[in-house]
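In what follows, a single structure is set out as structure tokens and then discussed.
The values are calculated or read from the model by the stated rules, or taken from the named source; none is laboratory data. Just so we're clear, the structure is a prediction, and the values are computed from it rather than from any experiment. Cβ atoms come from the backbone with ideal geometry, glycine included; neighbour counts cover every protein chain shown.
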Amino acid sequence: MSKKTASGIGVGVFQVIGDLPSGDPAVIAKRAEELGFHSYWLPEHTVIPKGSCDDYPGRPPNTPVPEYLFKMPDPFIGLTRAAAVTKTIKLGTGVCLVPERNPLLAAKQIATLDHYSGGRFQFGIGAGWNEPECTVLGGDFDHRWAQTKESIAVMKKLWTGEYVEHHGKYYDFGPLVCLPKPGRRPHPPVLLGSIGSPLVFKRVVEWGDGWVPVCFDPKEIADGKAELVKLAKAAGRDPDSLEITAFGLDGFHRTPQALAEIAKAGAQNAVIWLQGGDEKSVLAELEALAAAVF
């Protein structure tokens, strides 16, 4: 991902979107598109039950819980604001916590966003790590990936069929229709997130369209790419149809050299997570990143 492949470099936002006056997705995404970034991503935590972040992944003992976890607005509403003022930049969830959403409602929201954005939505998904959050929102935490798989199957039926029905463990309904259809056919790409789970590759090949790992070492990408290729060939899928987008948190993927290493390892795209705490600093950060990587 040097200047020749800069179209694959996107940006994501954690901290800045908590208070809209200090970080409007419409403002940030519009400027990101003008500067040439490929995609704009927003994360999700609907609620944070008290005490549920004591085991926050990667957090050293006795350190404060990141404030941004408490300040995330709904990603679909944020991306809709971004879609309204942009024309080409792709719009992704990084990631949507699927077990915490009703799939019929989520299918409607996603199809509407994808319809109005002209097929630009990227459905990055995960099953979540916060057990109290998952449970209070209706998720089966111990079997959350099984629930996620069924939820995605429901959404795909709604996006591609007419009057469809489903009778499963988690969702059961008779014939119904869900319109509009997504702008991208048959549906937006379903991109599975992961932090160190070896099962992600099997899931991607079975029912996904790509992999969006949080990546700290290009070797993780290279090893994951090799596993995806092996499993895809065994399943009769084209390995090239499975796209890899590497998420880089906490200062990663911010130089041409780092992006080139990610690309060499097999990632088609990279996402740089912005670190500014207010709109002014994020816009300045975007300018500096564009100058550095394009």
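Beta carbons closer than 7 Å, at least 6 apart along the sequence or on distinct chains, pair a first residue in the range 124-142 that is more than 23 Å from Ile110 (Cβ to Cβ) with a second that is assigned to a loop (DSSP other than H, G, I, E, B) for Pro132/Pro49; Pro132/Ser52. Kindly evaluate Cys178 against the criterion of being outside any helix (DSSP H, G or I) and in contact with a strand residue (DSSP E or B) (Cβ under 9 Å, 6 or more places away or on another chain). Considered against the rule, which asks whether it is outside any helix (DSSP H, G or I) and in contact with a strand residue (DSSP E or B) (Cβ under 9 Å, 6 or more places away or on another chain), Cys178 comes out as yes. Could you say whether any residue in the range 108-117 is part of a loop (DSSP other than H, G, I, E, B), modelled with pLDDT of 90 or more, among the β-branched types (Val, Ile, Thr) and surrounded by 24 or more Cβ atoms within 10 Å (Cβ to Cβ)? No, the range 108-117 contains no residue that is part of a loop (DSSP other than H, G, I, E, B), modelled with pLDDT of 90 or more, among the β-branched types (Val, Ile, Thr) and surrounded by 24 or more Cβ atoms within 10 Å (Cβ to Cβ). Answer yes or no as to whether Tyr170 is among the aromatic types (Phe, Trp, Tyr), closer than 19 Å to Gly208 by Cβ and more than 21 Å from the chain's Cα centre (by Cα). In short, yes. Candidates are the residues of the range 118-134 that are more than 18 Å from Gly210 (Cβ to Cβ) and buried (at least 18 other Cβ atoms within 10 Å of the Cβ); the one that is nearest to the chain's Cα centre (by Cα) is Gly128. So is Leu158 surrounded by fewer than 18 Cβ atoms within 10 Å (Cβ to Cβ) and farther than 17 Å from Gly266 by Cα or not? Taking the combined requirement at face value, the residue does not satisfy it. Each residue in the range 240-273 was checked for being at negative phi, under 21 Å from the mean Cα position of the chain (by Cα) and loosely packed, with under 15 Cβ neighbours inside 10 Å, and 2 pass. Pairs under 7 Å by beta carbon, first residue more than 29 Å from Ser117 (Cβ to Cβ) in the range 30-58, partner at pLDDT below 90, six or more apart or different chains? If the second residue must be at pLDDT below 90, the pairs left are Cys53/Val65; Cys53/Leu69; Tyr56/Val65; Pro57/Ile195.
For the range 72-99, which positions are crowded, with 24+ Cβ neighbours inside 10 Å, part of a helix (DSSP H, G or I) and not aliphatic (A, V, I, L, M)? Selection gives Pro75, Gly78, Pro99.
Determine if the range 277-285 includes at least one residue that is touching a strand residue (DSSP E or B) at 6+ places or on another chain (Cβ under 8 Å) and not hydroxyl-bearing (Ser, Thr, Tyr). Yes: the range 277-285 contains one or more residues that are touching a strand residue (DSSP E or B) at 6+ places or on another chain (Cβ under 8 Å) and not hydroxyl-bearing (Ser, Thr, Tyr).
Restricting the range 282-294 to residues that are in contact (Cβ under 8 Å) with a residue 60 or more places away in the chain and closer than 14 Å to Gly23 by Cα leaves a set whose member that is surrounded by the most Cβ atoms within 10 Å (Cβ to Cβ) is Val282. Taking the criterion of being under 14 Å from Ile272 (Cβ atoms) and surrounded by 20 or more Cβ atoms within 10 Å (Cβ to Cβ), the residues of the range 204-239 that qualify are Val212, Val214, Cys215. Among residues of the range 92-114 that are farther than 22 Å from Phe173 by Cβ and without any contact (Cβ under 8 Å) to a residue 40 or more places away in the chain, none has a Cβ under 6 angstrom from a residue that is crowded, with 24+ Cβ neighbours inside 10 Å and among the polar types (S, T, N, Q) at a sequence gap of 6+ or on a separate chain.
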